[in-house]
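One structure is given here, and the rest of the page talks about it.
All of the numbers you see were taken from the coordinates with simple rules; none came from a lab. Fair warning: this is a prediction, and the values are worked out from it, not measured in the lab. Every residue, glycine as well, gets a Cβ built from its backbone with ideal geometry; the counts of neighbours run over all protein chains shown.
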Amino acid sequence: MSFQFEVLKTDPSGARLGRLTTPHGVIETPAFLPVGTAGTVKGLSQQALEELGVQILLANTYHLYLRPGHELIREMGGLHRFMSWRGAILTDSGGFQVFSLADLRKVTDDGVVFRSHLDGSEHFLTPEKAVEVQMALGSDIMMVLDECIEYPAGHERAHAAAHRTLDWARRSREHYATHGDAGRQMLFGIVQGGTHADLRRENAEQLVELDFPGYAVGGLAVGEPHALTCEMAAEAAAQLPADRPRYLMGVGYPEDLADYVRLGMDMMDCVLPTRNARNGCLFTSQGRVHIKNAQYANDPRPVDEGCRCPVCRRYSRAYLRHLFLSNEILGAVLNTHHNLYFYLDIMRRIRESMIFGDLAGFSTELQARLETGPS
RNA sequence: GGACGGGUGGGUGAGUGGCUAAAACCAGCAGACUGUAAAUCUGCCGCUCCUUGCGGGCUACGGAGGUUCGAAUCCUCCCCCGUCCA
């Protein structure tokens, strides 16, 4: 058995401390997945990721299919070998691109026609094709193709997308059953339903009937209030089997991570730590630091005085500001390193607080300190 | 000494009578970023006043004067800079 998910402990809140075993190592959950869309976590080497303790990262089916091409990656021995990554990899299906490349695609019941953002060429992505590509990539966890919709979306539209996603999940499941290798790759289904509780519930229920080894909740954190995100995640989680991993896709702000864990989520991924780092926004225990701000010009202190990351141990705000304003590559590298450390450290502390049974306390503390984001 | 070309807001640099407090870019200041079309994007960026409004006043395109209802734009003189000729 190459895959195994164990829930070691369940918190009264519903939070789970767990362990997901994959052919590429063990993942301690709740886990945060750094985003490495194009087979790289922008700004960080694989060695740096290892040093940060990253156990699993996310890559993107659509992007890698376009460039360098999944067949090339297959030839090169799969994505792990191609990018020299020993840890686990989860590949997103391209479902998010249905949302983010809205101007460049057309969705039908059969699949999605994309016009490549690289060269304008047309590509038809079906649920079967998405599985096919991910099989070539050899990711540990594959995601079904889904239709991620915008917020706000009316009941009818959300229903249609959820229904279509469910149908695609069924097709993906079938294709995976006949062509895939369950010992080598898992396939996760995705719950959709917009911000409508009844749709979330119904969609999750029906998805569970398809018996996936793990489940994701998608289509959230696309502009709706945080409380609504939580409500929808909870609605879906209530329908999901306790013995399968749950993955909340695309979240979130650091101060919200513990909330999602308490809703019973085991995995999360987000571009915020990496993208914001490149845009000069650093996450700290005292809130956000816009490193380009004039007030840091001659500030000798580390970005986060309480942080033990290699960046905070060595460099001043003044220097990081200088690197950022000078558009020096090292600025992006160091900022990314710090932000990712910060996120991973929060997850580490969430897991620790679960062991000692004070997750609620940690969650409250986190919220109080980080209250600087948009509300 | 002569012939051309040129002097525009912190920088580069458009503009050759009104739509110009003056394009664009850079720099500067602030903000956004949630399964990455993102080292991206947005706003502000002469001074000042308030009833903060596609508001009022003042100052501004090398300097001084002039033409004109109106000038960064036209004319005169002067000062600088560049290239070439003697």
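Can you work out the FRET efficiency for the pair residue A:119 and residue A:40, with r the C-beta to C-beta distance and R0 = 25 Å, to the nearest 0.05?
0.75
Mind listing the long-range amide H neighbours of residue A:8? Cut-off is under 5 Å, sequence gap 5 or more, other chains count too, H placed in the peptide plane at 1.01 Å from N.
Residues meeting the amide H criterion: A:17, A:18, A:19.
Please say if the stretch A:116-181 is rounded, prolate or oblate, where rounded means a/c under 1.5 for a ≥ b ≥ c the square roots of the C-alpha gyration tensor eigenvalues, and otherwise the choice is prolate for a/b larger than b/c and oblate otherwise?
oblate
At residue A:2 and residue A:51, where each label point lies 7 Å from the Cα along Cα→Cβ, what is the point-to-point distance in nanometres?
3.1 nm
DSSP loop (so not H, G, I, E, B), at most 12 other Cβ within 10 Å: list which trypsin sites (Lys or Arg not before Pro) in the stretch A:270-375 pass both filters.
A:308
Multiply the residue gap between residue A:108 and residue A:210 by 0.36 nm, knock off their C-alpha separation, and tell me the result in nm, one decimal place.
Going from the current span to full extension adds 34.5 nm.
Along the Cα-to-Cβ line of residue A:75, 7 Å from the Cα, sits a label point; which residues in the stretch A:119-139 have backbone N less than 18 Å from it?
A:133-138
With springs connecting C-alpha atoms under 10 Å apart, model chain A as a Gaussian network and identify which of A:220, A:330, A:58 has the largest mean-square fluctuation.
It is A:330.
Once you've got the GNM for chain A with C-alpha springs shorter than 10 Å, pick whichever of A:207, A:344, A:101 has the biggest mean-square fluctuation.
With Cα springs under 10 Å in chain A, the top fluctuation among A:207, A:344, A:101 is at A:101.
Please give every one of the lysines within straight-line cross-link reach of residue A:129, meaning a C-alpha to C-alpha distance under 19 Å, and leave out same-chain neighbours fewer than 8 residues apart.
The reachable lysines, counting only those whose Cα sits under 19 Å from residue A:129, are A:106.
Gain in length, residue A:167 to residue A:305, computed as 0.36 nm per residue apart minus the alpha-carbon separation, to one decimal in nm?
The residue A:167-residue A:305 span can extend by a further 44.6 nm.
Could you give each residue of the stretch A:15-30 its phi-based ³J(HN,Hα) in whole Hz, using Karplus coefficients 6.51, -1.76, 1.60 with θ = phi - 60°, and x for Gly or Pro?
5, 10, 9, x, 8, 10, 9, 10, x, 10, x, 9, 10, 7, 10, x
Using a 10 angstrom cutoff on alpha carbons, build the Gaussian network for chain A and name the most mobile of A:232, A:354, A:143.
Of the options given, A:354 has the highest mean-square fluctuation.
Helix A:155-179 sits at what angle to the longest principal axis of chain A, using alpha carbons and giving 0 to 90 degrees rounded to 10?
Helix A:155-179 sits roughly 80 degrees off the main axis of chain A.
Which of rounded, prolate or oblate describes chain A when judged by the alpha-carbon gyration tensor and an a/c cut-off of 1.5?
Prolate shape, in that a/c is at least 1.5 and a/b is the bigger ratio.
When the helix-only estimate is applied to chain A (DSSP H runs of n ≥ 4, each -39,500 (n - 2.57), divided by the residue count), what is the mean residue ellipticity at 222 nm, nearest 500 deg cm²/dmol?
-12500 deg cm²/dmol
What does the charge dipole of chain A about its Cα centre add up to, to the nearest 20 debye, if the Cβ of each Lys and Arg holds +1 and the Cβ of each Asp and Glu holds -1?
So the magnitude is around 1240 debye.
Quick one: what are the phi-derived ³J(HN,Hα) couplings along the stretch A:146-152, Karplus 6.51/-1.76/1.60 with θ = phi - 60°, whole Hz, x for glycine and proline?
Running phi through 6.51 cos²θ - 1.76 cosθ + 1.60 with θ = phi - 60° gives 9, 10, 8, 10, 7, 10, x Hz.
Pull up all non-local amide H partners of residue A:188: gap of 5 or more, or a different chain, and H-to-H distance under 5 Å with H placed in the peptide plane.
For residue A:188, whose amide H was placed from the backbone, the distant partners under 5 Å are A:142, A:143, A:144.
Roughly how tilted is helix A:359-370, in degrees to the nearest 10 and between 0 and 90, from the longest Cα axis of chain A?
60 degrees
Which number comes out as Rg/Rh for the stretch A:213-281 once both Rg and the Kirkwood Rh are worked out on C-alpha atoms?
That ratio equals 1.00.
Considering only C-alpha atoms, what is the centroid distance from the stretch A:200-227 to the stretch A:39-82, in Å?
26 Å
Taking θ = phi - 60°, what integer Hz values does the Karplus form 6.51 cos²θ - 1.76 cosθ + 1.60 yield along the stretch A:343-351, in sequence order, with x for Gly and Pro?
Karplus-based 3J(HN,Hα) across the stretch A:343-351 equals 5, 5, 5, 4, 5, 4, 6, 4, 5 Hz.
Tell me which residues come under 5 Å, amide H to amide H, from residue A:41 once H is placed; ignore anything under 5 positions away on its chain.
none
Rounded, prolate or oblate for the stretch A:1-157? Axes are the square roots of the Cα gyration tensor eigenvalues, ordered a ≥ b ≥ c, and the cut-off for rounded is a/c under 1.5.
Taking the square roots of the gyration eigenvalues as a ≥ b ≥ c, the stretch A:1-157 is oblate.
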